[in-house]
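Single-structure report; data block below.
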Amino acid sequence: MKKLPLIVFLLSLCLSFTACGEEAPREISCEEIIAAYEDAGYYVVHGEHRDEADGAPLCYIKASLTEASDSDYIYFTTCFTEEQAKEAREADKYNIFVWFFGAIGGESRWLKTGTYGKIEYSYYNPKFIKPFNELIK
């Protein structure tokens with residue numbers, strides 16, 4: 001008799017764990033990313049590609065602290081689907097061999113990559129992701 005309330009309790013506990021899923025990322029436009037970085041004082045360069053048939057991204061955004069071409073930056077690519085964003089991340093993702101060849105070329109830092117919904121991003125310096133993290137809160 002005492003087992004029945006315990007079983008009901010355990011089943012409801014298991015159900016509550018499965019009910020709390022990860023919420024879907026909200027849609028963020030290129031203009032929102034650009035505005036977030038410009039408001040944070042970054043120099044932003046961007047362009048758009050709107051042809052899904054070519055497999056081109058919706059837009060790309062490069063945000064850096066200065067206009068100098070060799071300054072540190074964060075790079076965003078928005079895609080038509082989440083799968084395209086994940087594929088872009090895998091293409092950009094570092095492994096030890098890619099890092100080794102980068103180190104020979106003078107870039108010994110580790111490239112960090114990630115996705116948020118249909119957006120893929122890559123950066124070296126962690127402070128560059130802060131405006132984006134504020135945007136997606």
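As a test of reading the structure, rank 80, 100, 132 by solvent-accessible area (1.4 Å probe, protein chains only), most first.
100, 80, 132
How much net charge surrounds residue 39 when only the other residues with a Cβ under 15 Å from the Cβ of residue 39 are counted, with Lys and Arg +1 and Asp and Glu -1?
It works out to a net charge of -2.
Residue 43's amide H: which non-local residues (gap 5+, or another chain) put their own amide H closer than 5 Å, with H modeled 1.01 Å from N in plane and none for Pro or chain starts?
64, 65, 66
If you average the alpha carbon positions of segment 30-50 and of segment 55-132, how far apart do those two centres end up, in angstrom?
Distance between centres, Cα-based: 15 Å.
Could you list which residues have their amide H under 5 Å from that of residue 114, counting only those 5 or more apart in sequence or on another chain, with H placed in the peptide plane?
Hits under the 5 Å cutoff: 121.
Let's test this: bin the Cα-Cα distances of segment 40-137 at 5 Å from zero up to the farthest pair and state each bin's percent.
For segment 40-137, the pair-distance distribution reads 3, 13, 20, 23, 21, 14, 6, 0.
The values are calculated or read from the model by the stated rules, or taken from the named source; none is laboratory data. Keep in mind that what you see is a predicted model, and the values were worked out from it rather than measured. FYI the Cβ positions are ideal-geometry reconstructions off the backbone, even for glycines, and counts take in every protein chain you see. Remember, those area values only see protein heavy atoms, side chains included, never the ligands or the DNA or RNA. Shrake-Rupley method; radii C 1.70, N 1.55, O 1.52, S 1.80 Å.
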